[in-house]
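Just so it is clear, none of the values below were taken in a lab; they were calculated from the coordinates. Bear in mind the structure is a predicted one, so any value in this text is a computation, not a measurement. Ideal geometry is used to build each Cβ from the backbone, glycine not excepted, and the neighbour counts take in all protein chains shown.
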Amino acid sequence: MPTRYEAAIHLDIPLEMAKRHGIPSQISKVDLEKIAADPPAWLLQSRANRTGKKPVWQTLTCTVCGAEEIARPKKWWPSFSFLACDHHDASELPKLAAGEERAFVYGVGTSFFGVVDSTSHASDSSHA
């Protein structure tokens, strides 16, 4: 029996919206499929209001071990080069390309950190 969290992911709505509109903590697969197949007015309105700029849910995948987590993307998340589980050491990460710098973003999902690799501007300057 799917949980409210799993139902929210399936319906592509925030967990808070699922609670507000009476999705129970456990819902049968049959009832969930009925909602998905014949959405109530509140779900239709939610979908009509969506701007499409950012997904409601995002699958986070560890580059090192392949572990996955589904999370709500945050406004402060930059565009990550890749993600890794919190327990991985920096030596396990993909090598940094020549001329690039690496920044780390902690607190992504419940157990990930993000890595942002970017071209170094310091190496672009020339000395006359």
_Protection proxy ranking of 89-99, 60-70, 36-46 - average other beta-carbon atoms within 10 Å, highest first_ = 60-70, 36-46, 89-99
*Note down the nm distance, to one decimal, between modelled labels 7 Å out along Cα→Cβ at H88 and at S118.*
2.2
*Give the long-range amide H neighbours of S81: residues separated by 5 or more places, or on another chain, with amide H under 5 Å away, using H modelled in the peptide plane at 1.01 Å from N.*
V115, V116, D117
